[in-house]
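Contents: one structure, followed by commentary.
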Amino acid sequence: MYSLTFFFANFGPNATTFIVPAEIFPARLRSTCHGISAATGKAGAIVGAFGFLYAAQPQDKTKTDAGYPPGIGVKNSLIMLGVINFVGMLFTFLVPEPKGKSLEELSGEAEVEK
């Protein structure tokens, strides 16, 4: 069970985080854009982790953990998380497919030889 969970957790998100940015950014800006992409992904993970912690608190103020405001509950938080993940998957399909072309050809950086 652990192996399957680990595989599927890294199969999609890992490719989106590390492989896709290396393919879609132009060669001369690749390292800078890849760094920005990685930093944004990690910042999103932090926001998601802390946001879920706050959102998953019960709506009843008497049942919340000490120091936390009332949230929307675990069930609603998981539904919201699923919707956000689905929207992220849809945005991933907007990434251009290289179709065997080099990055320079895709970005228009390649010199046309006559």
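As a test of reading the structure, rank 54, 2 by solvent-accessible area (1.4 Å probe, protein chains only), most first. Write out the running numbers ahead of the final one.
On the way: 54 105, 2 170 Å².
My answer, sorted largest first, is 2, 54.
Using 0.36 nm per residue of separation minus the Cα-Cα distance, give me the extension gain between residue 60 and residue 93 in nm, one decimal. Before the final figure, lay out each step's value.
Details: separation 33, 0.36 × 33 = 11.88 nm, distance 3.93 nm.
Length gained, residue 60 through residue 93: 8.0 nm.
For the chain, carbon and sulfur atoms together expose 68% of the accessible surface, with a 1.4 angstrom probe and every protein chain in place. Put a plus charge on the Cβ of each Lys and Arg, a minus charge on the Cβ of each Asp and Glu, and nothing anywhere else: the dipole of the chain about its Cα centre is then about 400 debye.
Ligands, DNA and RNA are left out, and with a 1.4 angstrom probe the accessible area of segment 1-113 is 78 Å² per residue.
Applied to segment 20-28, the Karplus parametrisation 6.51 cos²θ - 1.76 cosθ + 1.60 on θ = phi - 60° returns per-residue 3J(HN,Hα) values of 4, x, 5, 8, 9, 7, x, 4, 6 Hz, with x for Gly and Pro.
Annotation: lysines with alpha-carbon distance below 16 angstrom to residue 75 (same-chain offsets under eight excluded): 63.
Mind checking the full-extension length gain between residue 34 and residue 7? Use 0.36 nm per residue of separation minus the Cα-Cα distance, one decimal, nm.
7.4 nm
The H on the amide N of residue 57, modeled in the peptide plane, is under 5 Å from the matching H of 71, 72, 73, each at least 5 residues off or on a different chain. For volume of the Cα convex hull per residue in Å³, computed directly from the structure shown, the correct entry in (i) 137; (ii) 87; (iii) 351 is (i).
The values are calculated or read from the model by the stated rules, or taken from the named source; none is laboratory data. A quick note: this is a predicted structure, and the numbers were derived from the prediction, not measured. All Cβ positions, glycine included, derive from the backbone under ideal geometry; neighbour counts span all protein chains shown. Note: accessible area is taken over every heavy atom of the protein model, side chains too, but ligands, DNA and RNA are not part of it. Shrake-Rupley method; radii C 1.70, N 1.55, O 1.52, S 1.80 Å.
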